[in-house]
Amino acid sequence: MWNTDSTIMNADNPIISIQKVHKFFGTFKALDDVSLTVNAGQKVVVLGPSGSGKSTLLRTINRLETISSGSIIVDGQDVNDPGSDINRIRAEVGMVFQSFNLFRHKSVLDNLTLAPIKLKKEPRDQAEHHAMKLLEKVGMVDKAESYPVQLSGGQQQRVAIARALAMNPKIMLFDEPTSALDPEMIGEVLDVMVTLAREGMTMVVVTHEMGFAREVADSVVFMDEGKILEIAPPNRFFDHPVHERSRRFLEQIL
Amino acid sequence: MRDKPVVIEVGDGAAIPDPRDEGLFTAWRISFFGTLAIIAYLVVFRPDPYLDIIKFLPDGIVVTFQVTFASIALALVLGLIAGLGRISKNTFFNLAASTYIEVVRGIPLLVQLFYIYFALGHLVRVPDMVAAIVAMGFCYGAYMGEVFRAGILSIDTGQTEASLSLGFNRSQTMRYVVLPQAWRTILPPVGNEFIALLKDTSLVSILAVSDILRRGREFASESFLYFETYTMIALIYLVITLILSKILSNVEHRLNHYERR
């Protein structure tokens, strides 16, 4: 089902096209001439030491971070063009955060239905029907009426994934989705992500889960100091890293 | 991730009773039932003059509540605007809100009351009650602005980012995600401000507004029973503020429902 051609540099049908992006925080260079294209249906895992700019890169895709120069095209629309409807682009790009960020004043079900009801004007019963299907998918049906504070971290993150899916996004961005979890809860979240990948979702995942990268990624992107140093299929990256910095990174974590 | 909700401490107004305080003798109960007992004792055993005084005051109580509710409504609207202005990235809006807050907080309430009542009275003639409400609302709006600002800033930025990433714009995010949560943080200080405002409405008795205090002064100046009259006025203010603080603490407790496991 998923794309076996992992050479994303030769993309014919890019759904995300990042070209020569630079990003400064004050004088600190967070992104340094970054270019990356992602095809529809591809799963890209971004690796790198902390502070390497991988989260920043992910957040520029739906303009949670603005860029200093370069261009980012998502599904044919320039994300940073003042003429683009950024809210419409964001609705097509689901995002999952390290700290879950479920709406604390809403029940699980209401977390999922808020955006479809308010933004897509879906009737409540239709939105709830869809939401229950998504909760079934992430194994959280019996917690539909609970509030986020009543859930474990792993449960919250599964709900957060379902919430992002409720808008039927074309792309899903994951910003270290398991980094804030207790070890025994990481598996349940990764399982949901693997299922999503098998269904053909386009995914860009910033993570430290090497097993997930190996199993799911079409392509691994390695970043350090704001630069993309290496883009390779997971087997090649893990077994024969080209860049000296990649080798040191892998030695440290494996 | 933050486990404890942020509490904004505002040192003015009555202490709000803790709803979890299960003891039989709480400060609230002692004050409330003690006050009621004293009023009952005075009215029953010394009806002359205390019963006469208490009969004279209800009109004033109504006026005090009218001024309080109208002023707090105005203050909440101004406070929300000022609070949003203070966190706005729009330079003009931000400066306007900050200047309003700086200026109003630097002038005593009584002076503002005189100013709006007498100074502006030269330009536009408005009813006494309206002038009093505008002055109180204008002043408390500035304090309320700081409360709203702190309440909004107490909400984790992750909530805003999650909302934006779903496709909500800034104002929808404020309306559906941030403000409903900020209310929980804002309510206790707003409640304190409400009670403080109710007490401060006694200042409007200096203008020609017949609130509790002014009604009392009228009674005292005719009967020369200053001690008795002001005793009763103090007791009535105390009963009102104690009832209000109890109501507010219950509302606050209910508003916290989604933070309870």
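The values are calculated or read from the model by the stated rules, or taken from the named source; none is laboratory data. None of these values were measured; they are calculated from a predicted model. Cβ coordinates were reconstructed from backbone atoms using ideal geometry, including for glycine residues, and neighbour counts include every protein chain displayed. Calculation scope for accessible area: heavy atoms of the full protein, side chains included, ligands and nucleic acids excluded. Shrake-Rupley method; radii C 1.70, N 1.55, O 1.52, S 1.80 Å.
One table, with the values for the structure above:
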{"quantity": "Ranked packing of A:91-97, A:167-173, most packed first, by mean Cβ within 10 Å", "calculated": "A:91-97, A:167-173"}
{"quantity": "Whole-angstrom gap from segment A:134-153 to segment A:208-242, using each part's C-alpha centre", "calculated": "32"}
{"quantity": "Of every Cα-Cα pair in segment B:27-260, the percent that sits beyond 34 Å", "calculated": "29"}
{"quantity": "Long-range amide H partners of residue A:46 with built H, under 5 Å", "calculated": "A:205, A:206, A:207, A:221"}
{"quantity": "About the Cα centre, charge dipole magnitude for segment A:186-254 (Lys/Arg +1, Asp/Glu -1 at Cβ), debye", "calculated": "200"}
{"quantity": "Reachable lysines, given that their alpha-carbon falls under 19 Å from the alpha-carbon of residue A:23 and they are not under 8 places away in the same chain", "calculated": "A:54, A:227"}
{"quantity": "Computed over chain B: relative contact order in percent, which uses C-alpha pairs under 8 Å that are six or more apart", "calculated": "33"}
{"quantity": "Cβ-based charge dipole, segment A:126-250, positive-most Cα from A:150, A:212, A:243", "calculated": "A:243"}
{"quantity": "Pairs from A:43/A:120; A:43/A:137; A:43/A:170; A:20/A:43; A:43/A:121 whose Cα-Cα separation, in the structure shown, is over 24 Å", "calculated": "A:43/A:120; A:43/A:121"}
{"quantity": "Solvent-accessible area of residue B:100 with every protein chain in place, 1.4 Å probe, in Å² to the nearest 10", "calculated": "40"}
{"quantity": "Chain pair A, B: total accessible area buried, heavy atoms, 1.4 Å probe, Å²", "calculated": "2400"}
{"quantity": "Chain B: calculated mean residue ellipticity at 222 nm from DSSP helix runs of at least 4, using -39500 (n - 2.57)", "calculated": "-23500 deg cm²/dmol"}
{"quantity": "Segment B:105-153: translational diffusion in µm²/s, Stokes-Einstein, Kirkwood Rh over Cα pairs, 25 °C, 0.890 mPa s", "calculated": "211"}
{"quantity": "Cα centroid separation, segment B:190-213 to segment B:135-150 (Å)", "calculated": "16"}
{"quantity": "Magnitude of the charge dipole, the protein assembly as shown, Cβ model with Lys/Arg +1 and Asp/Glu -1, debye to 20", "calculated": "600"}
{"quantity": "Nearest-ten-degree value, helix B:212-223 long axis tilted from longest Cα axis of chain B", "calculated": "10"}
{"quantity": "Under the Karplus curve 6.51 cos²θ - 1.76 cosθ + 1.60, θ = phi - 60°, whole-Hz ³J(HN,Hα) for segment A:126-138, x wherever Gly or Pro sits", "calculated": "5, 4, 5, 4, 4, 4, 5, 4, 5, 5, 5, 4, 9"}
{"quantity": "Probe 1.4 Å, accessible area per residue of chain A, Å²", "calculated": "42"}
{"quantity": "Accessible area per residue in Å² at 1.4 Å probe, computed on segment B:204-261", "calculated": "51"}
{"quantity": "For residue A:96, distant residues with modelled amide H under 5 Å away", "calculated": "A:173, A:174, A:175"}
{"quantity": "Simple Cβ-charge dipole of segment B:27-260, Lys/Arg +1 and Asp/Glu -1, about Cα centre, in debye nearest 20", "calculated": "500"}
{"quantity": "Convex hull volume of the protein assembly as shown per residue (C-alpha atoms, cubic angstrom)", "calculated": "193"}
{"quantity": "By accessible area with a 1.4 Å probe, ligands and nucleic acids excluded, highest first: order of B:170, A:59, B:214", "calculated": "B:170, B:214, A:59"}
{"quantity": "Using θ = phi - 60° and Karplus 6.51 cos²θ - 1.76 cosθ + 1.60, couplings along segment B:104-120 (whole Hz; Gly, Pro as x)", "calculated": "5, 6, x, 10, x, 4, 5, 5, 4, 4, 4, 4, 5, 6, 8, 5, 6"}
{"quantity": "Per-residue average of Cβ from other chains inside 10 Å of B:168-175", "calculated": "2"}
{"quantity": "Inter-chain Cβ neighbour average for residues B:157-163, partner chain, 10 Å", "calculated": "6"}
{"quantity": "Relative packing of B:68-77, A:46-55, A:192-201, which averages over residues the other C-beta atoms within 10 Å, highest first", "calculated": "A:46-55, B:68-77, A:192-201"}
{"quantity": "Segment A:9-131 - percent of accessible surface contributed by carbon and sulfur, probe 1.4 Å", "calculated": "47"}
{"quantity": "Alpha-carbon Rg with Dmax, taken over chain A, Å", "calculated": "18.0, 55"}
{"quantity": "Whole-Hz ³J(HN,Hα) from phi, Karplus 6.51 cos²θ - 1.76 cosθ + 1.60, for segment A:184-201, glycine and proline x", "calculated": "6, 9, 5, x, 5, 6, 5, 4, 4, 5, 5, 4, 4, 4, 5, 7, x, 5"}
{"quantity": "Dipole-positive endmost among B:90, B:60, B:33 within segment B:27-260 (Cβ charges, Cα centre)", "calculated": "B:90"}
{"quantity": "Theoretical ellipticity at 222 nm over chain A - DSSP helices of four or more residues, -39500 (n - 2.57) apiece, nearest 500", "calculated": "-11000 deg cm²/dmol"}
{"quantity": "Cβ-based charge dipole, chain B, positive-most Cα from B:155, B:196, B:117", "calculated": "B:155"}
{"quantity": "Peptide A:101-109, shielding by other chains (average Cβ, 10 Å cutoff)", "calculated": "6"}
